[in-house]
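Everything below concerns the one structure shown next.
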Amino acid sequence: ADFESKWRRKACCDAETNVFAIAASQIKSLFELSNMFSKQSLIFFVMNAIPILVGYAISMFCSGSVFVQYSTTIPATLSLLVSYESGATFFTNLQKLMGVTFGHTLPLLVMSVIEFFPCD
């Protein structure tokens, strides 16, 4: 009985199991200036902000061909595809971008081939 009462007190009042204390410590560590402006975080920001800003500029100022002016598709897709890995990041991002491109174009190509055959 003594063990159970200690366990109940510890389970509900311990900072390690308290959801609010865990959330508060995670938010605090997220906004620490030493983490936000560390060398690794700044390299990540520069490495991924440049392609997203270039995609944003293309979508704002280019019109015609495959570009639709004021479309957020390019920067939104790039922001979802960036990775935090260092080293082969360019190659990994390129593979992800190729996957998205093929995922959008292959169904169109298949449908254009199917369209050649009559339905009768």
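The values are calculated or read from the model by the stated rules, or taken from the named source; none is laboratory data. For clarity, every value in this text was computed on a predicted model and none was experimentally measured. All Cβ positions, glycine included, derive from the backbone under ideal geometry; neighbour counts span all protein chains shown. The area values use the complete protein model at the heavy-atom level, side chains included, leaving out ligands, DNA and RNA. Shrake-Rupley method; radii C 1.70, N 1.55, O 1.52, S 1.80 Å.
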Inside the stretch 89-120, can you point out the residues that are within 17 Å of the chain's Cα centre (by Cα), exposed (fewer than 11 other Cβ atoms within 10 Å of the Cβ) and under 17 Å from Thr73 (Cα atoms)? Met98
Only residues in the stretch 89-105 that are among the charged types (D, E, K, R) count as the first member; pair them with residues that are modelled with pLDDT under 80, Cβ under 9 angstrom, at least 6 apart or cross-chain, and list the lot. Lys96/Leu80; Lys96/Leu81; Lys96/Val82; Lys96/Ser83
Considering only the stretch 72-86, I want to know if a residue exists there that is part of a helix (DSSP H, G or I), open to solvent by 80 Å² or more (accessible area, probe 1.4 Å) and modelled with pLDDT of 75 or more. yes
Determine, yes or no, whether Ala49 is in a helix (DSSP H, G or I) and either surrounded by 10 or more Cβ atoms within 10 Å (Cβ to Cβ) or modelled with pLDDT of 80 or more (or both). yes
